[in-house]
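Notes follow once the structure below has been shown.
The values are calculated or read from the model by the stated rules, or taken from the named source; none is laboratory data. What you see is a predicted model, and the numbers here were worked out from it, not measured in a lab. Cβ placement follows ideal geometry from the backbone for every residue including glycine, while neighbour counts extend to all protein chains displayed. Keep in mind that these areas ignore ligands, DNA and RNA; they rest on the heavy atoms of the full protein, side chains included. Shrake-Rupley method; radii C 1.70, N 1.55, O 1.52, S 1.80 Å.
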Amino acid sequence: MERAQPLDVCTLGSTMIRLTTPVGHRLETTPVLEVRTAGSESNVMAALARLGRRTGWVSRLTANPLGRRIANEIRYHGVDVSRVVWTAEDRNEVFFVEHGLKPRPTRVIYDRHPSAVARIRPEELDLDYLLNTRILHLTGIFPALSENTSEVAAELVQKAKRSGIPISFDVNYRAKLWAPEKAAKRLLPLARAAEIVIMTLEDAAHLFGLGGSPERAAQEGWSLFEGRVCVVTAGEAGAAAFDGQQHFQTPGHPVEIRDRLGGGDSFAAGLLHGYLDGSLQRGLEYGSAMAALKLSQDGDYLVSDLEEIRALLKTDPDREVGR
């Protein structure tokens with residue numbers, strides 16, 4: 001049988017039911033919660049799919065209305081979810097978001113153990129599918145969920161390396177999942193196996209002791225990870241990258257923040273889109289624009305297209321997109 005056409009980007013990860021209070025309401029007293037779904041890996045795949053990329057998301061879900069809601073919402077954005085592992089056991093992950101207005105920060109509470117994805121096993125995965133891709137994208141969230149997911153991530157990375165599949169790795173540290181010392185120890189081998197490493201300036205310092213500017217952290221990260229490309233994001237200050245020979249950078253975009261969640265994932269999607277076209281610089285620019293557009297929208301998923309993204313890249317920062 002002829003092998004299926006390769007995906008542009010494929011991922012293995014966790015997506016949760018997201019329950020959000022209306023702005024100005026507290027979780028303790030809100031009469032209503034908005035239902036959405038959210039997960040770093042699926043956010044990236046959805047944003048890439050909207051740019052015309054062929055993407056696939058693999059996970060393990062409990063076969064109930066919440067699991068179907070998760071898969072259906074990811075599929076809606078154009079992502080292939082045909083290799084999701086379904087189980088009658090365990091439970092799907094849930095998290096709660098309480099939007100903060102100054103002086104209150106946005107608050108996130110997770111309810112994720114024991115989850116279906118945390119009990120995933122290597123033999124449940126379709127490796128031919130996962131490795132039939134131009135880039136395998138992974139994050140530091142998935143190995144943090146359990147010993148199972150940590151072992152699965154390590155094994156998948158090894159097989160991708162042996163198969164010559166480039167790996168994109170977003171450090172994506174979550175303090176509520178594990179301590180920085182444990183995270184750094186587990187994530188460093190994964191980062192060193194990757195062709196592209198993405199991290200925030202905060203995570204670069206907190207986990208790996210990489211200080212200074214984004215440009216300096218990217219260069220030091222490149223040496224530490226021994227990879228081809230290290231990318232460091234710094235919010236509205238933009239992002240920087242180093243490929244061992246050349247520095248790349250892009251400024252951020254002014255944005256009225258509606259929802260902070262998912263911005264980094266939209267950046268990663270833009271970065272990979274440009275990288276697949278052969279331009280790291282263009283990837284940084286797409287990523288910065290896509291992150292800004294996402295921050296202006298409710299929910300984790302970026303709802304946009306190439307026309308809007310390109311318009312933002314050409315627009316005077318003091319003018320609205322499309323005017």
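Find the percent of Cα-Cα distances in the range 1-68 that exceed 21 Å, and round it to a whole number.
Numbers: 1039 of 2278 pairs.
Above the 21 Å cut-off, the range 1-68 has 46 percent of its Cα pairs.
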For the charge dipole of the chain, defined by +1 on Lys and Arg C-beta atoms and -1 on Asp and Glu C-beta atoms about the Cα centroid, which residue among L312, I74, A194 has the Cα displaced farthest towards the positive pole?
I74
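Would you kindly calculate the mean projected area, averaged across all directions, of the convex hull enclosing the Cα atoms of the range 78-118, in square nanometres?
Details: hull surface 18.5 nm².
It is 4.6 nm².
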Rounded to the nearest 20 debye, what is the charge dipole size of the range 188-323 about its Cα centre when +1 sits on each Lys and Arg Cβ and -1 on each Asp and Glu Cβ?
200 debye
Once neighbouring chains are kept in place and the probe is 1.4 Å, which whole percent of the accessible area of the range 222-323 is contributed by carbon and sulfur?
43 percent
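With r defined as the distance between the Cβ atoms of H113 and R134 and R0 fixed at 45 Å, what FRET efficiency is calculated, to the nearest 0.05? Walk me through the numbers before you get to the answer.
Working: r = 34 Å, r/R0 = 0.75.
Here the calculated transfer efficiency is 0.85.
State the dimensionless ratio Rg/Rh of the range 160-208 (Rg: radius of gyration of Cα atoms; Rh: Kirkwood radius). Spell out each step's value before the answer.
Working: Rg = 11.4 Å, Rh = 11.4 Å.
With Rg and the Kirkwood Rh in hand, the quotient comes to 1.00.
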Span per principal axis, largest first, for the Cα atoms of the range 205-263 (Å)
37, 24, 19
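Only bridges whose two residues both fall in the chain count here: according to DSSP, what percent of them are antiparallel, nearest 5? Kindly include the intermediate steps, with their values, before the conclusion.
On the way: 18 of 46 bridges.
Antiparallel: roughly 40 percent of the beta bridges in the chain.
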Only Cα pairs within less than 10 Å get springs; with that Gaussian network setup on the chain, which residue of P189, P166, P143 has the largest fluctuation?
P189
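Place a +1 charge on the Cβ of each Lys and Arg in the chain and a -1 charge on the Cβ of each Asp and Glu, then give the dipole magnitude about the Cα centre in debye, rounded to the nearest 20. Please list the in-between numbers first.
Details: 39 positive and 42 negative charges, 64 e Å.
Result for the chain is approximately 300 debye, rounded to the nearest 20.
Taking 8 Å as the Cα distance limit and 6 or more residues as the minimum spacing, I'd like the relative contact order of the range 1-123 as a percentage.
Numbers: 237 pairs, mean separation 35.0, N = 123.
Normalised by residue count, the contact order of the range 1-123 is 28 percent.
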Mean projection of the alpha-carbon convex hull of the range 237-289 over all orientations, in nm²?
3.7 nm²
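Express the Stokes-Einstein translational diffusion coefficient of the range 149-255 in µm² s⁻¹, to the nearest whole number, given a Kirkwood radius over alpha-carbon pairs, 25 °C and a viscosity of 0.890 mPa s. Spell out each step's value before the answer.
Details: Rh = 14.1 Å.
Roughly 174 µm²/s, to the nearest whole number.
Taking all pairs of distinct Cα atoms, average 1/r, flip it, and tell me the Kirkwood hydrodynamic radius of the range 62-131 in Å to one decimal place. The partial results should precede the final answer.
Values: mean 1/r = 0.0699 Å⁻¹.
In the range 62-131 this quantity evaluates to 14.3 Å.
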Run the 1.4 Å probe and let me know the accessible area of V32, rounded to the nearest 10 Å².
80 Å²
Between the residues P143, T87, S115, the Cα farthest towards the positive end of the dipole of the range 86-206, that dipole coming from +1 and -1 charges on the beta-carbon of Lys, Arg, Asp and Glu, is from P143
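Given the C-alpha atoms of the range 80-181, compute the convex hull and give its volume per residue in Å³.
On the way: hull volume 14.6 nm³, N = 102.
Value for the range 80-181: 143 Å³ per residue.
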Let me see the pair-distance distribution of the range 191-300: every alpha carbon pair, 10 Å bin width, integer percents in order.
17, 49, 30, 5
Residue-normalised accessible area of the range 1-143, given per residue in Å² at a 1.4 Å probe:
44 Å²
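Do you know the relative contact order of the chain, to the nearest whole percent, from alpha carbon pairs under 8 angstrom that are 6+ apart? Each step should come with its number before you reach the end.
Details: 685 pairs, mean separation 46.8, N = 323.
That works out to 14 percent.
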How far is it, in nm, from the label point at R310 to the one at E236 when both lie 7 Å from their Cα along the line to the Cβ?
2.9 nm
How large is the charge dipole for the range 153-255, taken about the Cα centre, if only the Cβ atoms of Lys, Arg (+1) and Asp, Glu (-1) carry charge, to the nearest 20 debye?
480 debye
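Among the listed pairs K159/K314; K176/K314; K102/K176, which have their C-alpha atoms separated by more than 32 angstrom in this model? Present the calculation step by step, with values, prior to reporting the outcome.
Values: K159/K314 41 Å; K176/K314 39 Å; K102/K176 23 Å.
Pairs exceeding the cut-off: K159/K314; K176/K314.
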Using only alpha carbons, build the gyration tensor for the range 1-160 and give me the equivalent ellipsoid semi-axes, biggest first, whole Å.
29, 17, 14
